[in-house]
């Protein structure tokens with residue numbers, strides 16, 4: 001009984017913290033604070049990754065990121081929600097219990113979305129996360145194909161014009177790629193060493209980026225007439241830095257409300273990761289060997305995605321059947337791999 005009382009008390013305290021963040025955390029003042037605390041280039045990158053604000057990015061850096069094939073990393077997306085939810089739910093599960101932790105995680109995700117704006121990428125990711133964690137809350141298996149269909153149905157009701165935007169389709173196919181890779185990794189990249197002695201889980205990082213590229217390249221080629229094959233190798237090099245930057249950003253937000261000077265000191269820790277990101281992308285852009293000009297028509301693009309969806313349904317959809325009687329449901333975050 002005492003143990004349950006402690007969990008309830010901890011849950012109540014955390015709910016109060018979430019409410020205070022919702023009430024007092026202001027996006028505009030936070031953006032001004034970050035711009036004043038960080039140099040222009042790294043500050044613009046930090047705001048893009050953590051806040052989804054691209055206004056501080058110069059046109060020159062925007063083009064460098066696009067040419068290097070990493071522009072999708074410099075925006076707030078479902079990846080951010082995945083990191084935030086995983087930190088909160090996994091961190092609080094042992095304190096307040098798994099189900100309460102899921103409620104807290106979804107509340108904090110809601111606060112974060114309210115802070116940066118409920119735009120199309122956030123709307124899609126939030127719908128998927130609600131479906132996923134509701135399934136986990138009830139102890140059921142998460143069905144990715146069903147979740148994507150429900151997401152499209154909701155977006156169709158809310159905003160029909162969104163289906164005319166290129167950014168919507170790029171974001172959607174990238175999200176599907178990341179969300180589906182968990183099952184693909186389990187099937188093709190087991191955590192064991194191959195004959196060469198190389199840990200196949202390391203190869204899974206590159207497998208993820210190849211899988212993402214297969215989904216976004218047809219649209220990129222159709223719209224821009226070019227793709228950058230080096231992005232397969234660039235993204236793994238930048239991944240750990242992006243996650244570190246975002247985690248620092250999330251840590252800084254509540255501290256900023258109470259101790260701005262402490263938040264400013266913590267921001268300094270992000271500078272090295274931000275500079276690393278800029279150096280790598282600038283170097284790749286300067287090589288001028290990754291961009292490959294290619295033209296894709298509608299027939300080729302539609303055929304390409306039919307093949308990918310066939311592969312997805314065959315290898316992922318079949319693995320999300322309802323658990324047998326007496327079998328414990330196992331759910332993994334649909335976007336935790338990126």
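Couple of notes before you dig in:
- Subset of the range 52-93 that is under 22 Å from residue 286 (Cβ atoms) and part of a loop (DSSP other than H, G, I, E, B) - its residue that is modelled with the lowest pLDDT: 69
- Residues of the range 78-102 classified as farther than 16 Å from residue 251 by Cβ and without any contact (Cβ under 8 Å) to a residue 12 or more places away in the chain, total: 3
- Residues that are at negative phi, touching a residue at least 12 places away in the same chain (Cβ under 8 Å) and outside any helix (DSSP H, G or I) within the range 217-263 comprise 226, 227, 228, 229, 230, listed in sequence order.
- Residue 233 within 17 Å of residue 73 (Cα to Cα) and either at pLDDT 85 or above or touching a helix residue (DSSP H, G or I) at 6+ places or on another chain (Cβ under 7 Å) (or both): no
- For the range 6-33, taking the residues that are over 22 Å from the mean Cα position of the chain (by Cα) and more than 21 Å from residue 91 (Cβ to Cβ), the one that is surrounded by the most Cβ atoms within 10 Å (Cβ to Cβ) is identified as 33.
- The single residue among 240, 283 that is within 19 Å of residue 87 (Cα to Cα) and either more than 22 Å from the chain's Cα centre (by Cα) or surrounded by fewer than 16 Cβ atoms within 10 Å (Cβ to Cβ) (or both) turns out to be 240.
The values are calculated or read from the model by the stated rules, or taken from the named source; none is laboratory data. All values reported here derive from a predicted model rather than from experimental measurement. Reconstructed Cβ throughout: ideal geometry from the backbone, glycine too, with neighbour counts over all protein chains shown.
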